Number of protein chains: 2
Amino acid sequence: MSSKEEIVLQGSLSMKGGDGIYSYAKNSSFQRKSADVVREKIDEAIAEKLDMKSLCSRGSRFHIADFGCSTGPNTFIAMQNILESIERKYQSQCPTGQIPEFQVFFNDQVSNDFNTLFTTLPLDRKYFVAGVPGPFHGRLFPASSLHFAYSSTALHWLSKVPEVLLDKNSPSFNKGRIYCTSTLDKVVDAYSSQFAKDIKIFLEARAKELVAGGMLVMIMPAKRNENPHCQTGMGMCIEYLESSFLDMVNEGIISEAKVDSFNLPLYEASLEEMMELIQRNGSFNIEKMELTTVAKGESTFENYSPYTVQMLKMHMRAGLEEIISKHFGTEIIDDLFDRYAIKLENLFHRLQSGKGKGTQMFVILKRK
Amino acid sequence: MSSKEEIVLQGSLSMKGGDGIYSYAKNSSFQRKSADVVREKIDEAIAEKLDMKSLCSRGSRFHIADFGCSTGPNTFIAMQNILESIERKYQSQCPTGQIPEFQVFFNDQVSNDFNTLFTTLPLDRKYFVAGVPGPFHGRLFPASSLHFAYSSTALHWLSKVPEVLLDKNSPSFNKGRIYCTSTLDKVVDAYSSQFAKDIKIFLEARAKELVAGGMLVMIMPAKRNENPHCQTGMGMCIEYLESSFLDMVNEGIISEAKVDSFNLPLYEASLEEMMELIQRNGSFNIEKMELTTVAKGESTFENYSPYTVQMLKMHMRAGLEEIISKHFGTEIIDDLFDRYAIKLENLFHRLQSGKGKGTQMFVILKRK
């Protein structure tokens, strides 16, 4: 594994819509890199594990859904790759058959910018399109109506901030922090337990929606079991943001109470945690489960430069601007991210010295 | 049939998005009235003609699509009514069966405001939702994947303006007109032939997408066979708009050439024209086909008042602002519709004297 780690912090909730300079559509190159890395792995899994003969025995339609698609273009690239892999598999299994018609369902929160998603759809696509608004923590499709489900860098977004983090009288009160960067076990427990609840609901819903033999691919930022949350790439990125907030508190620009009552609904699970949740659900066979990283030489964070600093700043802003604005107001955003950019030199040095064990979890399940 | 006719001029193309005072969402009460009128007829057709036993024999899912849904709320009301009728029919045919899960597909142009549609979805809906962007003049769904298709006040929008209308050397050149309000047969022919091409493609696409036994409901503004286009409710509404344009030409605000090169891509077919197109397609049985109107006492146009003038002005503006702005620029819009409102007194008098034979076509087909 490369010592130059990819930082992954992205997802479906509160991505910045439109196609302006701070939009998700223009600031999601990190996510695209992570899609490239897993492309081959998904292709392999489809070739080896997806039984197209039985999946297409009842009809000539094949339904794919991307849970937490945001506004593109990454979802279009991922869907295209998956579709091509499935076509190849179909042709090898059923060389004389008629390739099924594909319908791709793009899911994200109701607040996602579907207008941008729809107006930027690839013109040469070979599939029918549908957008599905709503939280993937719950049912979104009729029973047994999907053949392939995919979710990339979305499941690390929690459905909500665990309430105990805001309770001054609780041992989980997350004072002066905006994430489980604290070493307090009770804070981490609150995050972890919310993640467990969310994944339980996600897996139950997908188990209903997928046909027997259907595949579920999940890719999300993760942490190695032994690592504290403050030492993953994502944790470190957030810690510098946290520190920018505290500087603004010290200068009287925002109140301490405002920061105390703000927490990011994000969580990086370990492989062990996820394995337990999947087994507890019981509806899926685990076909593949591993930690992956961007291949050496492809990391965006190999070198500190004004360009990479700017990229990381834009990336963080695209992902977090909406959620931060909601709590603090839009007027602090420019100031906050300017401060943040200045701190990034330090972050790059830590990343280059091998710190920042951010990585991603790659899971392929098959519906029993 | 009431002598107080409902004027129908609405559809999917270029409806004004958002929920501002000129938005479609806030100015579609006329469309809602027409939905009320047909509600009972659809309920009857479902009760008498839709065979739920055979449609649900292969699975417990039921897929409904609204072609040209715009932004709501009318589509939500129509879908809810249809769903309830289907449930009742299912319960009467399969009293011990499990009611199927419904998935409703909301289709409209890519430029439709799906963000507004999705954020205003009824919270108490009993169906799964998907938005399908793209022109309904063409395939939008996998083969045999729909059980019920519906299109209300959308099919009178042509896919494009017939080119000959713009050709100065053609006998179809539509000088000084913006619609087939002229008595020139060649102009009407150009409109009628574009409508025929569009409906041909629409019916071919829906024939592919609907399962055998699936139902297709089409509601659209129509004209009685013997009536010229300038004497329907819609034609008269447009003629007053045309006249407002010409006033602006006379005052030098817009050029004559600009008006000559603008035509509304709208067409009201007669029952006879539509019948021929359906028969030529050959994939459907005609279950019901008639002209309908809003019941006496429900017409919005019974009385001329500042309120009804304002409503009609807003209605026309919601439907046409985008398409007019694209050609003439946004700066003429307020002026144009202010002039239009002044002319409406005359229109109301004509409507009240029984003129303005605007009405709508109600068609129920069943896939062979």
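Do we find a residue being modelled with pLDDT under 80 and surrounded by 23 or more Cβ atoms within 10 Å (Cβ to Cβ) anywhere in the stretch A:46-60? Reasoning before the result, please.
Here is the first cut: in the stretch A:46-60, the residues modelled with pLDDT under 80 are A:57-59.
Now drop any that are not surrounded by 23 or more Cβ atoms within 10 Å (Cβ to Cβ), which leaves none.
The answer is no, given that none of the residues of the stretch A:46-60 is modelled with pLDDT under 80 and surrounded by 23 or more Cβ atoms within 10 Å (Cβ to Cβ).
Under 7 Å by Cβ, and 6 or more places apart or on different chains, what pairs join a residue from the stretch A:320-332 that is within 15 Å of A:Pro265 (Cβ to Cβ) with one that is among the hydroxyl-bearing types (Ser, Thr, Tyr) and buried (at least 19 other Cβ atoms within 10 Å of the Cβ)?
A:Glu322/A:Ser14; A:Ile323/A:Ser14
Given the conditions (1) more than 8 Å from every other protein chain (Cβ to nearest Cβ); (2) surrounded by fewer than 24 Cβ atoms within 10 Å (Cβ to Cβ), which single one is not true for B:Gly68?
B:Gly68 satisfies every listed condition except (2).
Might you let me know whether the stretch A:183-205 holds any residue that is within 14 Å of another protein chain (Cβ to nearest Cβ), under 28 Å from A:Asn225 (Cα atoms) and either acidic (Asp, Glu) or not in a loop (DSSP other than H, G, I, E, B) (or both)?
Within the stretch A:183-205, the subset within 14 Å of another protein chain (Cβ to nearest Cβ) is A:205.
From what is left, the residues that are under 28 Å from A:Asn225 (Cα atoms) are A:205.
Okay, now just the ones that are also either acidic (Asp, Glu) or not in a loop (DSSP other than H, G, I, E, B) (or both), so A:205.
Looking through the stretch A:183-205, at least one residue is within 14 Å of another protein chain (Cβ to nearest Cβ), under 28 Å from A:Asn225 (Cα atoms) and either acidic (Asp, Glu) or not in a loop (DSSP other than H, G, I, E, B) (or both).
What number of residues within the stretch B:99-127 are facing chain A (nearest Cβ under 10 Å) and not in a strand (DSSP E or B)?
Total satisfying the criteria: 15.
For residues in the stretch A:61-87 being of a type in the set (Gly, Ala, Ser) and part of a helix (DSSP H, G or I), which is modelled with the lowest pLDDT? Step through it out loud before you land on a result.
Taking the stretch A:61-87 and keeping what is of a type in the set (Gly, Ala, Ser), we get A:65, A:68, A:70, A:72, A:78, A:85.
After this cut, where a residue has to be part of a helix (DSSP H, G or I) as well, the list is A:78, A:85.
Details: A:Ala78: 94, A:Ser85: 97.
Here the residue is A:Ala78.
Quick one: how many residues across the stretch B:151-178 are surrounded by 13 or more Cβ atoms within 10 Å (Cβ to Cβ) and assigned to a helix (DSSP H, G or I)?
Of the residues in that region, 3 qualify.
Could you tell me which residue of the stretch A:104-153 is nearest to A:Cys56 (Cα to Cα), considering only residues that are in contact with a Leu (Cβ under 8 Å, 6 or more places away or on another chain) and aliphatic (A, V, I, L, M)?
A:Leu146
Going through the stretch A:345-368 one residue at a time, which ones are at pLDDT below 85 and within 27 Å of A:Leu155 (Cα to Cα)?
Quick first cut of the stretch A:345-368, residues at pLDDT below 85 only: A:345-359.
A:Leu347, A:Phe348, A:Arg350, A:Leu351, A:Gly354, A:Lys355, A:Gly356, A:Lys357, A:Gly358, A:Thr359 - these are the residues of the stretch A:345-368 that are at pLDDT below 85 and within 27 Å of A:Leu155 (Cα to Cα).
Pull up the stretch A:95-120, narrow it to residues that are among the hydrophobic types (A, V, I, L, M, F, W, C) and buried (at least 19 other Cβ atoms within 10 Å of the Cβ), then point me to the one that is farthest from B:Thr119 (Cα to Cα).
The first filter runs over the stretch A:95-120 and keeps only residues among the hydrophobic types (A, V, I, L, M, F, W, C), leaving A:99, A:102, A:104-106, A:110, A:114, A:117-118.
Next, only the ones that are buried (at least 19 other Cβ atoms within 10 Å of the Cβ) stay: A:102, A:104-106, A:114, A:117-118.
Numbers: A:Phe102: 27, A:Val104: 21, A:Phe105: 18, A:Phe106: 16, A:Phe114: 11, A:Leu117: 15, A:Phe118: 16 Å.
The residue in question is A:Phe102.
Condition first: under 21 Å from the mean Cα position of the chain (by Cα), touching a residue at least 40 places away in the same chain (Cβ under 8 Å) and within 7 Å of chain A (Cβ to nearest Cβ). Now tell me which residues in the stretch B:132-148 satisfy that.
Selection gives B:Val132, B:Leu140, B:Phe141.
Tell me which residues, restricted to the stretch B:154-194, are touching a Leu at 6+ places or on another chain (Cβ under 6 Å) and in contact (Cβ under 8 Å) with a residue 60 or more places away in the chain.
Hits for the stretch B:154-194 are B:His156, B:Trp157, B:Asn174, B:Ile178, B:Tyr179, B:Gln194.
Looking for something touching a residue at least 24 places away in the same chain (Cβ under 8 Å), in contact with a Lys or Arg (Cβ under 6 Å, 6 or more places away or on another chain) and of a type in the set (Asp, Glu) - is there at least one such residue anywhere in the stretch A:109-117?
no
The values are calculated or read from the model by the stated rules, or taken from the named source; none is laboratory data. Model, not experiment: these values are computed from the prediction. Positions of Cβ are generated from backbone atoms using ideal geometry, with glycine treated the same way; all protein chains shown enter the neighbour counts.
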